[in-house]
Every structure is written in C-alpha cells, then in structure tokens.
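Below: one structure, written as structure tokens.
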Amino acid sequence: MFYPYNTLQIWDTVGEACTELKREYDQCFNRWFAEKFLKGDRGEDPCSETFRKYQSCVQKAIKEKDIPVDGVEFMGPNKDKPES
Amino acid sequence: MVKYFSGADLLKTTWDQVCIAFWQRYPNPYSNHVLTEDIIFREVTPTNCLISRRLLTKFSRAPAWMERYLPKHMSSSAYIIEDSIVDPQKRTMTTMTWNITHARLMVTRCVDYRTNPDNSNWTELKREAWISSRVFGLSRAIQEFGLARFKTRVTKTMKGFEYVLAKMQGETPTKTLAETATERARETALAAKEKAKDLASQAQKKQYV
C-alpha cells in the first residue's frame, strides 16, 4: 500500500509564526502534486489561497531575519557550471 | 578555482514516488542538520512544468581552522537555496542547490532524476557538484573540506530518501531508534573531540606569545 501524503511530520519553518499555515499548505500541495499534477490534470490550483497566506507570513520572516534571497536568479549557478 | 565532482545513484522506486518523496523528505533521521524548510516561490509554467524554490536552514559548523577565515555570525547556520523543475511530460526532475551564506566557500549541487531506461520501476540519479572558494591561499584546503563534507552528505541524503520512501510505502524503515541513538552519540563525541583539539591548539599558541 502506498501512502503518498499525510503520513509524515511537517518540518519547521523559518518563520516560527508560520507553522500552521505551512502545514495547511504542505498538505494541500502534496495531495495536488500526487493526485493531479503528476497525472497530467491541469485544473485550477486548489492551493493558491493557502499558498498566498503562507507566503505572506514566510516572506515577512525572511525580511525580518535579513536572509539574502533577493535578486537570486532561478537555477542561478547553472551558468557557472564547469566543463566536466 | 573550481573543484568538480560527479556521480550516479539508483533508487528502486518509480520516478513518481521519488518526486512525491522529494517534497516530503524532511524531517528524516538522516537530516538532523536541516533546521527549517520553506517553499518561497512556486509556479506552474505555460509548458506545464512545476518550478519551485525551497529555502533551507542547515546547521553547518566549519572546522576551527576554517572558521577563523569566515565572518563570526556565519559559522553556525547556513541558508541554502534549492531550485527545482519537475517536468511530468518528460518525466524528469532537476534540482540545483547552493549556499547563499558562506559565500567564500560556494558549494553547488545539481541532481537530475529520471526513469531508469532498463527498468521503468526504478529511478536514476545523476549528481554533479562544484566547489569554489575565494579565500586566497587556502582555496585548496577549503575545497578539499567542502568535497569531503559533500560526500558524507550524499550518503545521508540517499539514506534519508530511502527512509522516507519506505515510510510512504508503509514499510518499517530499516533504521532503528537504537541506530539513531548510537549515531547521535558518535556525532556528539566527535564534536567534543574537535572542541578539545581546538582548545589544545589555542593553549599551545598562547605559550608562544
């Protein structure tokens, strides 16, 4: 029997106040990812609202802690990859 | 100066299950060094790929000889960015991980997950890492340290992955509590030994002043 979600603990967030919002979002995402996304179902994203709430909390924590994430390019160091 | 490393691994699980486990792999008994885990960006692209950015805080103590060259506040925890692209059409997942603190020792890892061509129930991992440092005169020593740590982490990552996959499949993970306890004790002992060495070398230095 394969249990794709809800069987594992949720890990800590960088914003201590965001734990509950992260838990809600992670559960929603894990379900959507396994049951819809990987199966090619391109319906509306059911997690957009929980994601928005979680993000507003976590982004605030990132600013408060001065974590240098601004301006970091997506897949950033890929271009510096040395020749193998 | 850049040091390059590459390797391959095999997980005896389907690509779908590996991807599902990827988002749920913290915490596991092999990830004691991971303190926090957050998604800070996520989007489905027009080509139906899922792109995500994960921010991790890791406990990352550099050895005493190296800490002297790193800013004080950076010595105990490090922020790591992990970007990923999941393409369910091509059935590939690519992750790129690098540290945004400790910038003088930059460790970048790239892992590519795809279905094994000989057995569609298995997943192949191709990993690459490159380590660069900009501390004049010490580059080589720091890179060697980075590479050694990277190799230990790879083993832990794989064990962690296997643990999470086993748990998801309803099996009892092979790592017992006793094993975890022994490992913890060993780590603590090792940390104490490092500390003692550090104190001894400081005492020795003082004698010559």
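Quick look at the values:
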| read-out | value |
| --- | --- |
| Given A:K36/B:K58; B:K3/B:K58; B:K3/B:K167; A:K36/B:K167, the pairs whose alpha carbons are separated by over 28 Å | A:K36/B:K58; B:K3/B:K167 |
| Spacing of the two label points (7 Å from each Cα toward its C-beta) at B:F41 and A:D41, in nm | 2.9 nm |
| Residue order, fewest to most surrounding Cβ atoms within 10 angstrom, among B:M168, B:M158 | B:M158, B:M168 |
| Net length gained if the chain between A:Q27 and A:E49 were fully extended (0.36 nm per residue, minus Cα distance) | 6.6 nm |
| Whole-number D in µm² s⁻¹ for the stretch A:18-65, Kirkwood Cα-pair radius fed into Stokes-Einstein, 20 °C, 1.002 mPa s | 187 µm²/s |
| Ranking of B:T45, A:T13, A:T19 by count of other Cβ atoms within 10 Å, fewest first | B:T45, A:T19, A:T13 |
| Backbone N within the stretch B:84-125 under 17 Å of label point (7 Å from A:D66 Cα along the Cβ vector) | B:100-103 |
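Since every read-out is calculated from the coordinates, none of them should be taken as a lab result. Everything quoted here is computed from the prediction, not taken from an experiment. We place every Cβ from the backbone using ideal geometry, glycine too, and count neighbours over all the protein chains shown.
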